[in-house]
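Visitor: Just dropping this structure here.
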Amino acid sequence: MQESSSGYMAGQLLIAMPQMRDPRFQRSVIYMCVHDSKCAMGLVVNRLVSSLTFPDLLQQLNIDAENLKQSIRVHFGGPVESGRGFVLHSGDFQEQGTTPVPGGLALTATIDILKSIAQGGGPRRSLLALGYAGWGPKQLDGELQANAWLSAPADEDIVFDSDLDTKWERAMAKIGIAPAQLMGLSGDAGHA
């Protein structure tokens with residue numbers, strides 16, 4: 001397991017072990033936005049919300065989608081606050097309400113960023129997620145010790161590209177692991 005120099009994994013990828021029992025997180029890759037002694041929060045980057053499109057979301061938010069210049073996919077960010085939206089994006093875009101996250105990315109949870117993306121502006125790369133994965137104090141640390149997760153350095157291609165089907169394998173490969181190598185390890189945790 002790789003961790004930042006502080007012992008926390010903000011700015012890293014969290015990768016579900018093959019034995020993950022929680023169906024919400026099986027084969028998931030999570031970009032960790034926050035991880036400290038009080039909590040951990042991340043966004044699943046390899047699952048879509050199948051029942052909602054970007055134009056549908058804009059319409060629900062009363063944002064004009066008629067002249068949509070750019071459309072993005074709506075991701076399942078995690079099971080916590082599933083009605084709340086977050087845009088994880090490249091650090092080239094900043095507005096009021098944008099929070100830089102370790103690793104050079106940023107997180108914005110405003111309607112204005114959705115308007116900007118719809119109009120063809122906004123950040124160079126972005127991922128729209130509904131909900132998030134969250135853990136209380138020391139909960140993620142316990143799951144890591146129980147071998148439920150691995151961590152890997154994040155890169156923009158794994159976080160933002162559209163090839164969702166291979167993100168889990170590519171994240172594992174970043175740390176030199178083939179999933180078959182891990183089949184003997186147990187992982188009883190994973191209940192964010």
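The values are calculated or read from the model by the stated rules, or taken from the named source; none is laboratory data. Here the structure is a predicted model, which means the values were calculated and not measured. As a convention, Cβ positions derive from the backbone with ideal geometry for all residues, glycine included, and neighbour counts pool all protein chains shown.
Visitor: Tell me, which residue of region 68-87 that is modelled with pLDDT of 90 or more and assigned to a loop (DSSP other than H, G, I, E, B) is farthest from residue 167 (Cα to Cα)?
Guide: 79
Visitor: Inspect all residues belonging to region 88-104 and state whether any of them is modelled with pLDDT under 95 and assigned to a helix (DSSP H, G or I).
Guide: No, because not a single residue in region 88-104 is modelled with pLDDT under 95 and assigned to a helix (DSSP H, G or I).
Visitor: Consider only pairs whose beta carbons are under 6 Å apart and that are at least six residues apart or on different chains; among these, list those whose first residue lies in region 162-178 and is at negative phi and whose second residue is part of a loop (DSSP other than H, G, I, E, B).
Guide: Listed pairs, sorted by first residue: 164/46; 167/46; 168/27.
Visitor: One residue is enough: does region 57-67 have a residue meeting the conditions charged (D, E, K, R), surrounded by fewer than 21 Cβ atoms within 10 Å (Cβ to Cβ) and closer than 20 Å to residue 167 by Cα? Even if it seems obvious, please write down each step before you answer.
Guide: Quick first cut of region 57-67, residues charged (D, E, K, R) only: 64, 66.
From what's left, surrounded by fewer than 21 Cβ atoms within 10 Å (Cβ to Cβ): 64, 66.
Within this subset, residues satisfying the condition of being closer than 20 Å to residue 167 by Cα are none.
No.
Visitor: Of all residues in region 57-97 being among the charged types (D, E, K, R) and in contact with a strand residue (DSSP E or B) (Cβ under 8 Å, 6 or more places away or on another chain), which is farthest from residue 29 (Cα to Cα)?
Guide: Going residue by residue through region 57-97, those that are among the charged types (D, E, K, R) are 64, 66, 69, 73, 81, 84, 92, 95.
Retained after the next criterion (residues that are in contact with a strand residue (DSSP E or B) (Cβ under 8 Å, 6 or more places away or on another chain)): 73, 81, 84, 95.
On the way: 73: 17, 81: 19, 84: 19, 95: 27 Å.
Among those that are among the charged types (D, E, K, R) and in contact with a strand residue (DSSP E or B) (Cβ under 8 Å, 6 or more places away or on another chain), it is 95.
Visitor: When the residues of region 89-133 are narrowed to those that are of a type in the set (Asp, Glu) and farther than 19 Å from residue 69 by Cα, which ends up surrounded by the most Cβ atoms within 10 Å (Cβ to Cβ)? Even if it seems obvious, please write down each step before you answer.
Guide: Pass one, region 89-133, residues of a type in the set (Asp, Glu): 92, 95, 112.
Narrowing further to those that are farther than 19 Å from residue 69 by Cα: 92, 95.
Values: 92: 11, 95: 13.
Residue satisfying both the conditions and the ranking: 95.
Visitor: With closer than 20 Å to residue 139 by Cβ and either among the hydroxyl-bearing types (Ser, Thr, Tyr) or within 18 Å of the chain's Cα centre (by Cα) (or both) as the only criterion, which of 34, 45 stands out?
Guide: Numbers: 45 fails: closer than 20 Å to residue 139 by Cβ.
That would be 34, the only listed residue that is closer than 20 Å to residue 139 by Cβ and either among the hydroxyl-bearing types (Ser, Thr, Tyr) or within 18 Å of the chain's Cα centre (by Cα) (or both).
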